[in-house]
Amino acid sequence: MRNISAVIITCNEARNIGRCLDSLAGVADEIIVVDSGSTDNTELICKEYNVRFDAHPWEGYDKQKNYANSLATNSWIFSIDADEALSPKLRESLMKFKQGEDDATTAYSVNRLTYYQGRAIRHCGWYPERKVRLFRKGEAKWDGIVHEDLVFEGKAANLDGDLLHYPYNGLNDLIAKYSKYASLMADKYHSQGKHATTMDCVLRPLWTFLRNYLIRFGMLDGHEGWTICKMMAYYTFMKYTLLREKRQ
């Protein structure tokens, strides 16, 4: 029998956190929420559930998640974001995992299925988006300023089922998040000594759109796919344009 601690970091996630916690019911033996100063009803909603709520100042994605992991009391951790939820199939896979016996496997990955405007996006390069989320405590850590990765030894096994992802509340939210990530990536590239030319700012966004809309079949996701592919091109344009400005 293996016990699982579910770990979540939050900040103003009242719109999402209830769905996430509902999906964990009966699967997680312990739920830990580390909050970095929510001003909405996130804390009140969490207190309606059997969770450990810990207020902790924001330190960056990787450090915040590693701090949350340190609070887990079980030997296995499932890291889930507030805007994610377990699909029925993934719940079933996790329940089977709990009934099994430990072996040499250190971590497990799942497919993440993202929704935009109520539509499951199965193309555009968004799916299957494999994420390592289940791992032994003390044998993995998060690293990375913008898109944090889980660092561990060995190779992750796979769990059946999707991790459902609801990150965007419409186009304005999509624009705001891509603008934020573009700025963070430009800062990261600049700190690494990278530079961008005018051609980078022109050709890279064009290639991003063509790859995701045509080669990765974004057109099959309808109007939502069209919007997403355009916004991914916008993100690429902003990232390299901001980097070019920093080098100047």
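For the stretch 149-228, the Cβ-based charge dipole about the Cα centre amounts to some 360 debye (Lys, Arg positive; Asp, Glu negative; other atoms uncharged).
Candidates His123, Met199, Met232 compared by Cα position along the dipole of the chain: farthest toward the positive end lies Met199, with charges placed on Cβ. Within the chain, DSSP assigns beta bridges of which about 50% are antiparallel (rounded to the nearest 5). Between the alpha-carbon centres of the stretch 1-20 and the stretch 171-232 there is a gap of 29 Å.
A DSSP coil position with no more than 16 other Cβ atoms inside 10 Å describes the following GluC sites (Glu not before Pro) in the stretch 123-229: Glu139, Glu153. Taking label positions 7 Å along the Cα-Cβ direction at both Ala176 and Ser70, the computed distance is 3.1 nm, reported to one decimal. Relative to the longest principal axis of the Cα atoms of the chain, the long axis of helix 222-247 lies at roughly 70 degrees. Note on the chain: dipole from Cβ charges, positive end direction compared against Ser75, Gly161, Val34; the farthest Cα belongs to Gly161. For the stretch 94-180, applying the loop criterion from DSSP together with a ceiling of 11 other beta carbons within 10 Å to the trypsin sites (Lys or Arg not before Pro) yields Lys155.
Charged side chains reduced to their Cβ positions (Lys and Arg at +1, Asp and Glu at -1) give the chain a dipole of some 920 debye around its Cα centre. Mean residue ellipticity at 222 nm, helices only, the chain: -12500 deg cm²/dmol; runs of at least 4 DSSP H residues each add -39,500 (n - 2.57), and the sum is divided by the number of residues. Once both labels are positioned 7 Å from their Cα atoms along Cα-to-Cβ, the gap between Asn158 and Lys194 label points is 2.9 nm.
Net charge near His123, counting Lys/Arg +1 and Asp/Glu -1 over other residues with Cβ under 13 Å of its Cβ? So the surrounding residues net to +1. FRET efficiency for the pair Cys11 and Lys246, taken as 1/(1 + (r/R0)^6) with r the Cβ-Cβ distance and R0 = 22 Å, rounds to 0.25.
None of the figures in this text is laboratory data; all of them are computed from the coordinates on show. Fair warning: this is a prediction, and the values are worked out from it, not measured in the lab. Cβ atoms come from the backbone with ideal geometry, glycine included; neighbour counts cover every protein chain shown.
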